[in-house]
Every structure is written in C-alpha cells, then in structure tokens.
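Visitor: Following this message is one structure expressed as structure tokens.
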Amino acid sequence: MLKRLQHRFIAITLISLVIIVFVQLFAVNIINIYQRDYDLRNLLNLIAENDGHFPTTSVNVRDFFWNPFSSGDVDIETPYSTRYFVVKLQGNVVTHISTENIAAVTDRDAFEYASKIYPQKTGYGVIDSYRYYYIKDDDTQKSMMIFVDFQREVESSMALVAISFIVGAVCIILMIFPIYRFSNNALKPVRNSIEKQKQFITDASHELKTPLAIISADADVLEICEGESEWLTSIKEQTERLSVLVRNLVDLSKLDEASGDVQHEVFDLSEAVFDTAANFETLAKRNGLSFSVSAAEHIMYKGNEAELRQLVSILCDNAVKYASKDGHIIVSLYKTSKNIFLDVFNDCDNVEKEQIDRLFDRFYRSDNSRSRETGGYGIGLSIAKAIVSRHRGRISAVTTDSKSITFKVVL
C-alpha cells in the first residue's frame, strides 16, 4: 500500500512539475514569437513611413506598435543587418524595384513576389521566408510592397524552442531523484503510523488468544460439571466469535506485513476455484439458495494457491451469508487474452450504490442486524482485497438494480 501511495505521490508531483515547466516554456516561446513579429512589423512600418528606406538617424518606433517586451529603438546599424527589398507600383504597373539591401533576390524575383501579392488585400502577410507589408493609396492608385527576410529570426526562434524544451526535459529528469527522496521523507510519518497499527493488531491478537482459549476450556469444564445452560452456551458462542475475529486479524496483519512476498507457483486455478466453491454448495442449499459454479477448464495461473483459495472461500461465504431468501449464487471463472476474471454473483436485499465503495473497508458492515445473525465482522472483504492486491489484481463490487451484487476480481 505504501509503495502504491509513494508511486502516486511521485506521479502527481512529476505531472504537476511537467505541466508547470512546459506551460512556462510554452509561454516564453509564444512571447518570443510575438515579439519577433512585433519587431518585424515595426521595421516594415518604419520603412513604409520613409518611402521604402530606413531613416538615417536612430528613431523610436513605439509610435507604431507599443510592446512592453521591446525597447522600441532602431539605431543607424539596423539597415545593415536587415535584408529587405521594395517594389512600387502605379496601378498594376511596376514603377520601381529596390533590391540593393538583399543579395539573394534579383529584380525578377522581386517582380514575381509582387505579382503574387498584388491580387491580395493590403496589409501584413507572409510569403516564403519574407514578412511583407502591402500599402495602397486608392486616390493616386500608387502602391508599395515591402519584403523583409525573417529566415534568421525563424531559425533563432526554432533553436530557442528546441533548446528550452530540451533543458526543461533534462531538468525534469534530474528532479526525479530529489522527488523520490522527498517522497520517502514525506511518507515517513504515514509509514510509522501504519507499522505501529500493524504491530498493535499482531500483538493484541496474540495476547487475546490465550485468555480466549482459557475461557473456552473453562466453559467446557463447567458444562461437563454443571450440565448445559443458556449462559454457558452464550459464553462459548461469543468466545468462538472472538476467536474467529482474532484469526482474521492475524491473517490480515500477515498479508499486510508480507505485501510484496507472494510465493509464486503455477497451478490450475480452474480446479482450485471449482473445489473451493463446491464446498459451499451444501450450505447454500440448506439455506434455500441456488448455487452454481461455471469455471473454464485448465486456466493456469502463477501465484499463491492457498491465498487464492482463501479469496474464493471469502467471496462464496459472503455470498451465502448475505444472499436474499430463495436467491441465486453464481461463481464464474473465465479468461481473455490479457486477464483472468473471477465473478461471484448473488441476489441481495436493497444494496445501495453508495455503500459499494465502502464494502472493502475494515469492520464496515452495511447491515449490522444482519451481520449479527450471520456472524459477520466486516473484515472478510478486507482480506480479499489484500489478497488481490498482493497478486497485483483488482477487485470491485458492482450492482445494477440494487437487488443483486457481483464481486469482480481481475488477475
């Protein structure tokens, strides 16, 4: 149980860390891309305001677009680090092409780019590796297209994305060991509490065995000497009830203490289920119940045969005790390509869906009066759950109509 709790703690911590780190990285890269586009639009707008040229002095471009992540300054060195070309038109006729600020584009290339942009709406856009700004004066029919090469900016942004996510992944991997160590420290009080509880149950159970045995023996002697009486019968019945409870507590404590020490052996699970369940057929019929077992043949399983026989016994005993009058009990064992399934069905009286999740809690009894009649202690299903957990399986209770219940085991 502690291992599962620790693994869940580590998983939740790592998932939270991954979400926080990658949300931050995503935000940083989005802001970087937005800032890059902001700067490009500033440059385009600045060139457009100066009729296709850079100004000869430093300017502040916040007048065009305000951005808190940028200084807004364009100095006199900016024209030499910016690759751009300009195409001017009068109507649909090209009147001027300027490509002296970019070596990779000829006048013919510029003309072809302008031909592609001309039919489109004015404004900002992207074509190949160029960010462009298309301006048109409807009164004079003059238009201008400014293209800025932003290939280096894109490569820089992609490099930042790759580096940031690699660094984020490495940081998360490096955090696994500290989180694991921290989880040990965080769960230490829980571990100590559980260990003390287990020790208390074990010690108390062993200490109770001796006085219970003495009381039972004294009752037998009194019965021999004085004869049977109502009081002696009650003493013997209650002593037997307490003895059974102590044995159950010892069994549960042993299962908890040896949660990872299952003695695995391959055995015929079909035979084990059929033989164990068949022992309850007579008892069920005596109580007026219909009892049937359906087990697929020769299902082999690697686990602890004694514990799985105890599991079947607990579920069948529970079904016989709590089945409604003239009810049905059906034990089924079958196998799919991935799992083995054990189902124990019985009719019952008004089981509430809200009670289903609590059936495996220790000492929980949904009907105390019925439990007193049947001798239940609310601990058998806890033992069943511990056995299934030791075999890394799952157990659950399902009801569809509140008039029947099925305990499902998946191995």
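Visitor: Projecting each Cα onto the charge dipole of region 133-227 (Lys/Arg +1, Asp/Glu -1 at the beta carbon, about the Cα centre), which of 189, 167, 204 comes out farthest on the positive side?
Guide: Toward the positive end, the furthest listed residue is 167.
Visitor: At 0.36 nm per residue, minus the direct Cα-Cα distance, what do residue 120 and residue 328 gain on full extension? Give it in nm, one decimal, please.
Guide: Numbers: separation 208, 0.36 × 208 = 74.88 nm, distance 7.74 nm.
Taking 0.36 nm per residue and subtracting the Cα distance, the gain is 67.1 nm.
Visitor: Of 342, 174, 333, which has the largest mean-square fluctuation in a 10 Å C-alpha GNM of the chain?
Guide: 174
Visitor: Right, another one. Quick one: putting +1 on the C-beta of Lys and Arg, -1 on the C-beta of Asp and Glu, what dipole do you get for region 136-216 around its Cα centre, in Debye to the nearest 20?
Guide: Numbers: 9 positive and 9 negative charges, 175 e Å.
Dipole size: approximately 840 debye.
Visitor: Using the crude model of +1 on Lys and Arg Cβ and -1 on Asp and Glu Cβ, and no other charge, please compute the dipole size for the chain relative to its Cα centre, in debye to 20.
Guide: Details: 45 positive and 54 negative charges, 38 e Å.
Charge dipole of the chain: 180 debye, to the nearest 20.
Visitor: With a point put 7 Å past each Cα toward its Cβ, work out how far residue 158 is from residue 11 in nm, to one decimal.
Guide: 3.7
Visitor: For a test of understanding, tell me how many lysine pairs in region 107-198 have Cα atoms under 25 Å apart, given they are 8 or more places apart or on different chains. Display every interim value, and only then the final one.
Guide: Values: 116/136; 116/142; 121/136; 121/142; 188/196; 188/198.
Here the count comes out as 6.
Visitor: Could you tell me how many degrees, from 0 to 90 and to the nearest 10, lie between the Cα long axis of helix 380-390 and the main elongation axis, the longest principal axis, of the Cα atoms of the chain?
Guide: Long axis of 380-390 versus the principal axis of the chain: about 50 degrees.
Visitor: My understanding is that a pair violates if its Cα-Cα distance is over 30 Å; which of 236/321; 3/338; 236/353; 236/325 do that in this structure? Could you put the intermediate results ahead of the total?
Guide: Values: 236/321 21 Å; 3/338 24 Å; 236/353 37 Å; 236/325 28 Å.
Violating the 30 Å limit, Cα to Cα: 236/353.
Visitor: What does the charge count around residue 225 come to, taking other residues whose C-beta lies under 15 Å from its C-beta (Lys +1, Arg +1, Asp -1, Glu -1)? All intermediate terms of the calculation are to be shown ahead of the outcome.
Guide: Working: positive: 236; negative: 218, 220, 223, 226, 228.
That works out to -4.
Visitor: Quick one: which of 100-108, 297-305 comes out on top by average Cβ neighbours within 10 Å, and what's the full order, highest first? Numbers along the way, then the final one.
Guide: Details: 100-108: 13.2, 297-305: 15.8.
Result, highest mean first: 297-305, 100-108.
Visitor: List the pair-distance distribution P(r) of the chain, using every Cα-Cα distance, as the percent of pairs falling in each 20 Å bin from 0 up to the bin containing the longest distance, rounded to whole percents.
Guide: Whole-percent P(r) values from 0 Å outward: 18, 30, 16, 18, 15, 3, 0.
Visitor: In addition: To test your reading of the geometry: what angle, between 0 and 90 degrees and rounded to tens, separates the Cα axis of helix 107-117 from the longest principal axis of the chain?
Guide: Computed tilt is about 60 degrees.
Visitor: Here is a follow-up. Helix-only mean residue ellipticity at 222 nm, the chain, DSSP H runs n ≥ 4 weighted -39,500 (n - 2.57), per residue, nearest 500. What is it?
Guide: Values: 11 runs with 223 residues, N = 411.
After summing the helix terms and dividing by residue count, I get -18500 deg cm²/dmol.
Visitor: Quick check: residue separation of residue 184 and residue 241 times 0.36 nm, minus the Cα distance between them. What number comes out in nm? If you can, show how the numbers build up before the last one.
Guide: On the way: separation 57, 0.36 × 57 = 20.52 nm, distance 3.99 nm.
Here the segment from residue 184 to residue 241 would lengthen by 16.5 nm.
Visitor: Would you mind telling me the antiparallel percentage of the DSSP bridges in region 96-171, rounded to 5?
Guide: On the way: 13 of 13 bridges.
Antiparallel bridges: around 100 percent, rounded to the nearest 5.
Visitor: For the Cα atoms of the chain, what angle does the longest principal axis make with the long axis of helix 230-257, in degrees from 0 to 90, nearest 10?
Guide: The answer is roughly 30 degrees.
Visitor: Next question. Given the options 238, 158, 225, identify the residue whose Cα lies farthest towards the positive end of the charge dipole of region 146-249 (+1 on Cβ of Lys, Arg; -1 on Cβ of Asp, Glu).
Guide: 158
Visitor: Can I ask one more? Quick check: net charge around residue 268, other residues with Cβ under 12 Å of its Cβ, Lys/Arg +1 and Asp/Glu -1?
Guide: -3
Visitor: Here's something else I'd like to know. Please report, in debye to the nearest 20, how large the charge dipole of region 87-184 is about its Cα centre when each Lys and Arg carries +1 at its beta carbon and each Asp and Glu carries -1 there.
Guide: Details: 9 positive and 11 negative charges, 76 e Å.
Magnitude of the dipole: close to 360 debye.
Visitor: Something else about it: Under the 0.36 nm per residue contour assumption, what length would be gained going from the current alpha-carbon distance of residue 406 and residue 278 to full extension?
Guide: Values: separation 128, 0.36 × 128 = 46.08 nm, distance 1.83 nm.
Gain on extension, residue 406 to residue 278, equals 44.3 nm.
Bear in mind that the values in this text are calculations on the coordinates, not laboratory data. This one's a predicted model, so the numbers in the text were calculated from it and none came from an experiment. Glycine also receives a Cβ, built like all others from the backbone with ideal geometry; neighbour counts cover every protein chain displayed.
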